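The values are calculated or read from the model by the stated rules, or taken from the named source; none is laboratory data. Fair warning: this is a prediction, and the values are worked out from it, not measured in the lab. Cβ: placed from backbone, ideal geometry, glycine included. Neighbour counts: every protein chain shown. Ligands, DNA and RNA are stripped out before the accessible areas are found, and what is left, the full protein with its side chains, is counted by its heavy atoms. Shrake-Rupley method; radii C 1.70, N 1.55, O 1.52, S 1.80 Å.
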Amino acid sequence: MTNAEPDRDGQHDFDFELGSWTTELSRLVSPLSGSTKWAEYRGTSEVRPIWAGAANLVELDVEGPTGRIQALSLRLYDPATRQWTLQSASVRGGGISPPAVGSFVDGRAEFLSEESFDGRPILVRFVISDITATSCRFEQAFSADEGASWEVNWIAVDTRLG
């Protein structure tokens with residue numbers, strides 16, 4: 001797991017993302033199955049600040065040939081550890097994911113969580129990169145071998161609206 005720089009307050013690390021975005025999303029249809037079939041989606045993301053920047057809420061709404069994805073991501077900043085936790089929920093799932101924990105270093109963020117997929121334990125890595133004033137990239141990957149190898153299964157590129 002990436003540790004935050006010890007003398008840097010990261011509470012405003014997500015400020016670049018506040019606002020409205022067009023989202024182009026590619027999702028691996030069957031992760032950890034050997035499949036290479038991807039589904040493409042297009043829609044919007046809205047990012048709102050909460051608690052004067054100590055948290056934010058992302059609302060994703062995308063559609064593609066395989067259907068619609070509506071999801072929320074709650075991001076909370078912990079000033080004691082100088083790290084963020086990310087939790088997500090889908091309109092289909094009715095629950096919230098285990099927290100992914102991480103931070104931003106040199107314009108890139110990495111978050112890790114331990115989860116379950118198809119009844120087996122996995123690691124989940126979420127990376128935010130290529131951050132500019134008008135775009136950013138999100139990538140999610142799963143590891144079924146404790147991080148020895150990773151399979152990317154979610155790539156989203158956001159472009160600022162307006």
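The smallest convex shape that holds all Cα atoms of region 9-103, its convex hull, gives 117 Å³ per residue.
When you work out D = kT/(6 pi eta Rh) for region 20-73 at 20 °C and 1.002 mPa s, using the Kirkwood radius from C-alpha pairs as Rh and the Stokes-Einstein form, the result is 172 µm²/s. Phi angles across region 32-40 convert, under the Karplus curve 6.51 cos²θ - 1.76 cosθ + 1.60 with θ = phi - 60°, into 3J(HN,Hα) values of 6, 10, x, 6, 10, 7, 10, 10, 9 Hz, Gly and Pro given as x. Here is the P(r) of region 74-153: all C-alpha pair distances, binned every 10 Å from 0, give 17, 46, 32, 5 in whole percents. Counting only protein heavy atoms and a 1.4 Å probe, region 50-123 has 55 square angstrom of accessible area per residue. Dividing the mean sequence gap of close Cα pairs (under 8 Å, 6+ apart) by how many residues the chain holds gives a relative contact order of 21 percent. For the peptides 135-143, 46-54, 107-115, residues were scored by their other Cβ atoms within 10 Å and the scores averaged per peptide; the highest-first order is 135-143, 107-115, 46-54. Using the Karplus relation 6.51 cos²θ - 1.76 cosθ + 1.60 with θ = phi - 60°, the per-residue 3J(HN,Hα) values for region 104-115 come to 9, 9, 6, x, 9, 10, 9, 10, 10, 8, 9, 9 Hz, with x marking Gly and Pro. Just the protein heavy atoms count here, and of the accessible area of region 54-162 at 1.4 Å, carbon and sulfur take up 53 percent.
Largest first, the extents of the alpha carbon coordinates of the chain on the three principal axes equal 43, 39, 29 Å. Reducing region 120-146 and region 45-102 to their Cα centroids gives an inter-centroid distance of 13 Å. Net charge dipole, the chain: roughly 400 debye, given to the nearest 20, about the Cα centre with Cβ charges of +1 for Lys and Arg and -1 for Asp and Glu.
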